[in-house]
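In what follows, a structure is listed as structure tokens, so that the remarks can point back to it.
Every number here is computed from the coordinates shown, using simple stated rules; none is lab data. Just so we're clear, the structure is a prediction, and the values are computed from it rather than from any experiment. As a convention, Cβ positions derive from the backbone with ideal geometry for all residues, glycine included, and neighbour counts pool all protein chains shown.
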Amino acid sequence: MPLNLITGSIRRIAGRLGDLLSEAHTPCPICQLTARKSAPDPFLRSALPRDAKLLQLCRGCASAIPWITNIACAVCGRPDPCPDCRRRSSAHFILNRSAVRYDDAIREWLALFKYRGDERLVRPLADMLDIALIRLDHELRNRLPAHRWDAIIPVPVSPDRLMERGFNQAEKLASLLCARRGVPLAELLIRTRHSEKKSLQSRFARLQSVDGLFTADPEAVSLFISEWLSRGTAASPNHPPVPQRSIRLLIVDDIYTTGSTIEACAAALHEAFDSQAPRLPLDIYAITLARS
Ligand SMILES: [Zn+2]
Ligand SMILES: [Zn+2]
């Protein structure tokens, strides 16, 4: 065998060995242990970019993710029969889809990210949310031809909470998705105050506590509408633009409990859009990381 072929093969083998060794020494992005990596699920591997952190989990963490694969409520995406959506007479959003159930593992990972600001958690969590988006897109493409998102809107936190925590968890997750999927991030909502800790409230109190909690920023909405019109149609003073399709917005949050937060955000958006551009049809959807 010629010498250059032998050295080429040696180099390839050494490269593969190097890859294996460095993979073996990369800690799991969630538990930080250098445990054996899981073989990523074929669906996750095909859906996510090659360098996605979710593909680098150890076996324990990968198998702990409580994926929602069967949807029992077509509105809120819950995997079990759903009394909340049946009770609701009208909703300002079309549907919500969540990536995972809110179980002990997800509660712990979200707490590390939200309350301790553990940056290492944001990417694997955003990958999980991305799976919810990929599944929702697949569902919508079957129903709506030429489906695309006009903007992703994170649920805002109050200024006090932002000061205390230093970041908005929904905004962090949303901006990673926007960058990956090429959808604009639009911060159209303002949170007027922060509600009490939801886990301490009754269902009734939870539904009441979001009343008037969100409002849409009129200037941001007006700018958004004019940009959307100039992009979507050839407007001229004599021929006002005729909407060809609805504006399609996607609200992003970390947890869906009763849906009252998403509903309050969607209601605030509808109110602002309807007052500024009553002829523009507006469709609002939501994705959340976890469904409790
Ligand atoms: Zn792990
Ligand atoms: Zn439901």
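Peptides 248-255, 38-45 ranked from most to least packed give 248-255, 38-45, packing being the mean of other C-beta atoms within 10 angstrom over each peptide's residues.
List the aspartates and glutamates whose alpha-carbon lies under 15 Å from that of Lys37, not counting same-chain residues fewer than 8 positions away? Here the aspartates and glutamates satisfying the reach criterion relative to Lys37 are Asp19, Glu23, Asp51. Taking a straight Cα-Cα cut-off under 17 Å and skipping sequence neighbours fewer than 8 places away in the same chain, the aspartates and glutamates within cross-link reach of Lys114 are Asp103, Asp104, Asp127, Asp160, Glu164, Glu171, Glu196, Asp253, Asp254. Put simply, when 257-268, 134-145, 179-190 are sorted by average Cβ atoms within 10 angstrom per residue, most first, you get 257-268, 179-190, 134-145.
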